[in-house]
Amino acid sequence: MKKIPHPILESRKVLEKTLHRRKFLKSFAGWGGAGMMGYSAAASALHMMVHGAFSKIYANSISSEPRNLFELYLQGGFPAQFLYLPLRPNAGDLYVHNTNNSNNWVSGAPVYTTAPVTAAGVTLHLPFIWAQTIPRAASRGGGFVPMSNLLTNTMMARGFWNPFDSHEIGSIQISRPSVTAPSIAGMLIDQIDGSRSPIPAVAGEHDLAGATFYSRTKARKVARYRRSDNFLNPIATIMDPFRANAGMLGLLDKKDQFSALFNDALSAVAQDARRLDPGSESILSSLSGAEALFRRNFGNLTDVYNSLYAKYMGLMNACSVQAYLSSAISPIASSPYRSGETLGVIATTDLRTIVQPNSHIGYMASAFALGEFLITNNLSKAVTVYAEGTNGLQFTAVRDGVTTIHQGIPNDQHGYGVAATIPSNNFYARCVAACTYEMSLALKDVNLFDSTVMKVGSDFPRSPSNDGSGSDHAWSANGFMLTSGAIKKPSVIGNIARSPYAAPSNPALRSYIGTWGEGSTHNHEGSNGTYLNLGHYASSICTALNIPSPTPNFLSIIQDSPTEGLVPLLGPGQTRNT
Amino acid sequence: MTSKILQICKTLFVLQLLVVLNACQTNVSSDIAATPPSTSGPDESGGDPEPITIVRLADRYYVASALSQIFLPSLADGASAPDIENLQSTIDSNIKIQYGDMGSSCDYFDTTNYCGVGGQSPLFTIIESANVSAPALSQPTSLRAAYTLRAVYTMLSSSAADAALRKAISLTSSSMTTYATVNFATLNPPTLTELQRVFQLVYPGVTPSASSLTKSYAFINAVAASYGAKDSWKMAFILMLSTLLWQQL
């Protein structure tokens, strides 16, 4: 396959072949008689020009306004092979089955089922639910639409290695891969003026999601929402600073009657008061942002939140009543895959009934409600939210002679068994797809879909156990799903290994044989043996956002084409032998 | 000498290359070209990153203290306890407990006084809320501005507004120099001299220019003509505090 030149890498090579900027400027300063401590006037002019050259190289790949970021973090290590980690996306891909890879149940046995799905002229072999339907919001006419509608604007990337096997570190480093640099959301808001994002960055009040945020220039995480499904209103919490009482509005109104005189005086006072330090302008712009929001009427925020919450909860509930399995899982009692170490032996006869009409994903309705409100109202450019496991399930299992009714399954599915997790995870994946699709429509309504990137990611996906009893951490197999109007065609990028732990030299790992997504080598950064890591992960998302990367030495695997939008830099993801 | 000449030639050659390179770049965003991107690590030479602007703002204790000095009377001044409590509560709720937006993380004293939110445990408050969310350096944001403005406007429009204004006037008026002697019935709009005192109460050590005093005076007089002396004094303090630059260290 022909290697695609990377624009930043190629440009960097051009400059490296000429002369290093700093050395060049210092030598020029010396020539001008200014000494080594400073630059001469001529050198300063050159500095500007050279800086301009670098800026334009940068601008070739980052050519417009930074995009909004809506980041949905699936807490706990979501089994991504049900949604955005396709294990054999191309016809004829190598594949080795492992029981806990299964996403379907056929003839009494768990299997991994794909279906060819075509969108925008591209056919991919994806987890079979992509060929099914997802519910549409009642406000848009209700009913169901093909899930491939979402695929058109979706890119999936896989095969990234986490540096550690840790929920905590993994969840932090997908958002902030370098401790010496800002987080991705921090890099984003560092690039923008406060007036364009009055609430610079918002994060869900998850202990880990909150810890990921770091910005070093204008702002940092300044508003949060509480863990809630319906008992707190995160929108009201975040908008609270801009809630003005009647007395305050009365004074503001009086002032506004003399706004020309006030602004004239304010400018003059600010001119006298400003410090020599740079940055005073950003203080004044924060004033205008605050005053504007005091006056902006969003209506009753309780009604606003309840309406959005009900919309997304309704979508998830609707996901529960659709067929998402190609056949019934019944009778379970005779299946060798009915048990999990944690659950015990499942007693529920037809596992399709695990998912109930009120089933939903923990905190997901709040997360999407908050994201839609903040981004569609241009209140924030970076919203990081999180969702947990599946709630509202109902099934029974017997362990050590004790029968227990279970109502939820977490994403961290050690010992949960393939029987219970197949219907639950398919339901989860459809919920993510349905909510993401609805938010994409909401963004289209206000013409922000092209300028927003919705990212779905997790600590890591799962490595399966061959006896079907559960799954472990696949920290060498991370990935993400991006959905944006800037993506015009679907794609799956990133090479994975066919059967990572097939070697009999390590018997302890043999239960994890099979194709489950461990990252393989790539023809990238001038080498055919490059493994992708979270540096590449971050750089790729930053490319999608039109911002510099916090890990610039790990090059993006996607590019922002002026004509084609966001497209892969690497070829279609392959499955390699190792 | 030869090496110097070679160096000059090399420099000029590179200069030409860079001019060509500049001219060849297309599809350049004017915004980005004008504002070079910040880098997160050392440049190719291993030197320092590109300079970035980091505004250093005062933390919540500084802001609360400044507002208290201007607007918060004491019992010794002759203010009533409910008025003092009202004004103190406004400063606390808008400034002192806003560690996430106004800066300064929470210590154990804060945990039981200003940072204990929603019945959270001290451990949760200190580790998760404060040390995770509070900025190491406070930055200008619309939320920070909103909290500050809301504190000022609320104090000057609440049931304790007269107490707050009386205190502020006593610090800047030429004739009514104590809390007790401030008389709203005989109050006149601020003079130029009094406006300068308001300015210097907010910006100690800075002398306002004639231009800013004249323009401030024009605004204050317009308010006074429509709403009287009392509101003109309120607007004088609102004007000076609205720049928010007094929070820059």
Practice task
Could you tell me which numbered condition B:ILE169 fails, if it satisfies all but one of (1) within 27 Å of B:ASP59 (Cβ to Cβ); (2) buried (at least 18 other Cβ atoms within 10 Å of the Cβ)?
Solution key: (1)
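If the requirement is being buried (at least 22 other Cβ atoms within 10 Å of the Cβ), at pLDDT 90 or above and not hydroxyl-bearing (Ser, Thr, Tyr), which of these qualifies: A:GLY204, A:GLY159, A:GLY186?
From the options A:GLY204, A:GLY159, A:GLY186, the qualifying one is A:GLY159.
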Exercise for the section: Hey, could you check segment A:87-122 for residues that are of a type in the set (S, T, N, Q) and farther than 22 Å from A:VAL432 by Cβ and say which is farthest from the chain's Cα centre (by Cα)? Expected result: A:SER107
Problem - Residue identified as closer than 17 Å to B:TYR153 by Cα and part of a helix (DSSP H, G or I) among B:SER211, B:SER232, B:SER226 - result: B:SER232
Practice task
Would you confirm whether any residue within segment B:216-239 is touching a residue at least 24 places away in the same chain (Cβ under 8 Å), basic (Lys, Arg), under 30 Å from B:ARG60 (Cβ atoms) and away from chain A (no Cβ under 13 Å)?
Solution key: no
Exercise for the section: Give me a count of the residues in segment A:438-485 that are part of a loop (DSSP other than H, G, I, E, B), among the small types (Gly, Ala, Ser) and either in contact with a Phe, Trp or Tyr (Cβ under 9 Å, 6 or more places away or on another chain) or surrounded by 24 or more Cβ atoms within 10 Å (Cβ to Cβ) (or both). Expected result: 9
Problem - Options A:SER288, A:SER267, A:SER228: the member that is more than 7 Å from every other protein chain (Cβ to nearest Cβ) and at pLDDT 90 or above - result: A:SER267
Handout entry: B:LEU249 being closer than 17 Å to A:LEU284 by Cα and in contact (Cβ under 8 Å) with a residue 40 or more places away in the chain
Key = yes
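Are there helices (runs of 4 or more DSSP H) fully within segment A:87-198 with at least 1 residues that are assigned by TED's automatic domain parsing to the domain that holds A:LYS381 and acidic (Asp, Glu)? List them.
A:167-173, A:184-190
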Fill in the blank from the handout: Residue hits (segment B:162-177; in a loop (DSSP other than H, G, I, E, B) and of a type in the set (A, V, I, L, M)) are B:LEU171, B:MET176
Handout entry: Residue in segment A:65-95 that is nearest to A:ALA486 (Cα to Cα), counting only those that are among the aliphatic types (A, V, I, L, M) and out of contact with any Gly (no Cβ under 9 Å at 6 or more places or on another chain)
Key = A:LEU69
Handout entry: Residues (of a type in the set (D, E, K, R) and buried (at least 24 other Cβ atoms within 10 Å of the Cβ)) located in segment B:142-166
Key = B:ARG144, B:ARG166
Handout entry: Set B:THR172, B:THR207: member being farther than 25 Å from A:SER285 by Cβ, more than 10 Å from every other protein chain (Cβ to nearest Cβ) and among the hydroxyl-bearing types (Ser, Thr, Tyr)
Key = B:THR172
Problem - Qualifying position, being closer than 18 Å to A:ILE375 by Cα, within 30 Å of the chain's Cα centre (by Cα), at pLDDT 80 or above and hydroxyl-bearing (Ser, Thr, Tyr), among A:SER307, A:SER359 - result: A:SER307
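The values are calculated or read from the model by the stated rules, or taken from the named source; none is laboratory data. Bear in mind that the values here come from a model prediction, so they are computed numbers and not experimental data. Glycine gets a Cβ as well: all are built from the backbone with ideal geometry, and neighbour counts include every protein chain shown.
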